[in-house]
Amino acid sequence: MTKDEIAVYLNDHLEFFNNYPELLGKIKSITNQDIPICKSNTLGMTGRLIKRANEDKEKLQSKLEWFVEVARANKVIHQHLFEIERLILKSTQLDQMVKQLGEAITLRFKIPYALLYLVDDADHYMEHKLEERFSKKLEGLLTFTDRITINTWFKGGLKPVLTSEIKTGSKVFGKEWELKNIKSECIIPIINRGDICGAIALGATKPRHFHKGLQTEYLERMADRLAIAIDNILLIDRLQIENSNISKDKRISA
C-alpha cells in the first residue's frame, strides 16, 4: 500500500486503533512543531481523498478505453470470420473452396501462409479419391497425411497447437519453413464426427505471432465450419457422380 492508501484506510477504519491504542497515543502526542513538513505543502485528508478519486478515475478511463479497443478488435475478427464462413459454406467444389479459404485468411488476418491437411485414410475421403483428384491440382494449398501422423501433432487432444518460435523445423510446413521464413505456427484440428479428419496450418514470419494463451475460439469455429463445408461438398460430389452414372446407364440401355 502507498502512504496515501494507508492514510485513507485509517480514516475509513478508525476502529483499527481499538486494537492498537498505543499507536493512537503516539499520534496524539505529536505536535505541529514535530512535523518537519509545512502544512501548506501537505495534503489534508480531504485532499488525499480527492487525489485518490482522480487516480481511480484515470485508471477507470484507461480500462474503459482498453475495453473499447478490445471490443472493436473482436468486432473486426468476427466480421472477417463471418465472411470466411459464408465463403466456404457456399462453395460446391473442393479446389475452389481451398483456394478461396487460403486467399481469405491471408487477406483478412494478415497471415502469410495457410495450408489445409486432410487425412487420406478417412473412409469418406478415400471413397471420393480426394488425394488422387486434388493433391497435384492444389499443391501448396492442400496436403494429405495419415491418421497416425496427424494424431502426433495434437497428442491425442482436440485443441489447437500453437508454437511461438520454430527453431528446429516445422511439423506441418516441413522443409518449406526455412525457405518461407516461418517463425511461428498454429495448427487447428478439423473435427468430424468426433474424430480428427484434417487440420488447418497457419504460418507467420514473426516470432510469437502465435503463442500459448492466445484466444483460439474463432479459429476453432472456422475449423468447425470447414468440416461442415467439406461434408456438403462431398455430398454434392456423390450426388453428381450418381446422377452421371444413372445418365450413363440410361444411354446404354437405350
**Q.** Which listed residue, of Ala223, Ala201, is hydrophobic (A, V, I, L, M, F, W, C) and in contact with a Gly (Cβ under 9 Å, 6 or more places away or on another chain)
**A.** Ala223
Q.
Six or more apart or on different chains, Cβ atoms under 7 Å: show the pairs whose first residue is in region 99-121 and farther than 15 Å from Glu85 by Cβ and outside the structural domain of Gly203 (by TED's automatic domain parsing) and whose second is basic (Lys, Arg) and part of a strand (DSSP E or B).
A. none
Q: Among residues belonging to region 172-200 that are in a strand (DSSP E or B) and out of contact with any helix residue (DSSP H, G or I) (no Cβ under 9 Å at 6 or more places or on another chain), point out the one that is modelled with the lowest pLDDT.
A: Gly174
Q. Which condition does Gly194 not pass, out of (1) in contact (Cβ under 8 Å) with a residue 24 or more places away in the chain; (2) closer than 15 Å to Phe154 by Cβ, if it passes all the others?
A. (1)
(Q) Show me the helices (runs of 4 or more DSSP H) found entirely inside region 87-137 where at least 1 residues are farther than 16 Å from Asp224 by Cα, under 19 Å from the mean Cα position of the chain (by Cα) and at pLDDT 85 or above. (A) 94-109
Q.
For the list (1) free of Cβ contacts under 8 Å to residues at least 60 places away in the same chain; (2) closer than 18 Å to Ile77 by Cβ; (3) not charged (D, E, K, R), I need the number of the one condition that Thr152 fails.
A. (2)
Q: Tell me, please, whether a residue that is in contact with a helix residue (DSSP H, G or I) (Cβ under 9 Å, 6 or more places away or on another chain), in the same structural domain as Leu118 (by TED's automatic domain parsing) and of a type outside the set (S, T, N, Q) can be found in region 238-254.
A: no
Q. Looking at (1) modelled with pLDDT of 85 or more; (2) in contact with a strand residue (DSSP E or B) (Cβ under 6 Å, 6 or more places away or on another chain), can you tell me which one Ile148 breaks?
A. (2)
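The values are calculated or read from the model by the stated rules, or taken from the named source; none is laboratory data. All of these numbers come straight from a predicted model, not from anything done at the bench. A quick note on method: Cβ atoms are made from the backbone with ideal geometry, for glycine too, and the neighbour counts reach across all protein chains shown.
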